[in-house]
Amino acid sequence: LSQFLDDSSKNLLFGIQFCNVPCLNSFASIYGMMEKPVVFGELRKIQRRLRAQNISFPLVEPTYYPTHRAMVISPSFPLVIKIGHHHAGYGKIKCETKSRFDDVKSIVACH
């Protein structure tokens, strides 16, 4: 179900929860899958748990900026900036230089 939900259809999910429609996955798991930062946070928990057992669980380390004002320090270049956490690859910009990163910050400020 979660692959069909986006921000515009959260009300559908809320309706399913409100009416107690049985689902294979919990409400929390479906709702959490709608938000990429929540998913990555859960993956980090798994990584930490497996690391304690000496099991590798590599993740591509993202940098999260809550607003354009926080984009003061950039990770190493090249990098890809994803604006928002929407699906289907929308909102991505590749930055190969600090100058390009600064240009993208001004675009993010308008988002």
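The values are calculated or read from the model by the stated rules, or taken from the named source; none is laboratory data. Only a predicted model underlies this, so the values are computations on that prediction, with no experimental measurement involved. Ideal geometry is used to build each Cβ from the backbone, glycine not excepted, and the neighbour counts take in all protein chains shown. For accessibility, only protein heavy atoms count, side chains too; no ligands or nucleic acids. Shrake-Rupley method; radii C 1.70, N 1.55, O 1.52, S 1.80 Å.
Of the residues that sit in the range 13-25 and are in a loop (DSSP other than H, G, I, E, B) and free of Cβ contacts under 8 Å to residues at least 24 places away in the same chain, which one is surrounded by the fewest Cβ atoms within 10 Å (Cβ to Cβ)?
So the residue we want is Pro22.
Which condition does Gln53 not pass, out of (1) more than 26 Å from Ala28 (Cα to Cα); (2) at pLDDT 90 or above; (3) open to solvent by less than 90 Å² (accessible area, probe 1.4 Å), if it passes all the others?
(3)
So which residues in the range 26-50 are surrounded by 11 or more Cβ atoms within 10 Å (Cβ to Cβ), within 18 Å of the chain's Cα centre (by Cα) and aliphatic (A, V, I, L, M)?
If the condition is that a residue be surrounded by 11 or more Cβ atoms within 10 Å (Cβ to Cβ), within 18 Å of the chain's Cα centre (by Cα) and aliphatic (A, V, I, L, M), then Ile30, Met33, Met34, Val38, Val39, Leu43, Ile46 are the ones that fit.
Filter the range 72-104 down to residues that are under 24 Å from Met34 (Cα atoms), β-branched (Val, Ile, Thr) and touching a Phe, Trp or Tyr at 6+ places or on another chain (Cβ under 9 Å) and give me whichever is modelled with the highest pLDDT.
The qualifying residue modelled with the highest pLDDT is Ile81.
Being over 25 Å from Leu13 (Cα atoms), in a helix (DSSP H, G or I) and of a type in the set (Gly, Ala, Ser) narrows it down to one of Ser99, Ser56, Ser74, so name that one.
It is Ser99.
For the subset of the range 56-71 comprising residues that are open to solvent by less than 100 Å² (accessible area, probe 1.4 Å) and within 20 Å of Met33 (Cα to Cα), which member is modelled with the highest pLDDT?
Phe57
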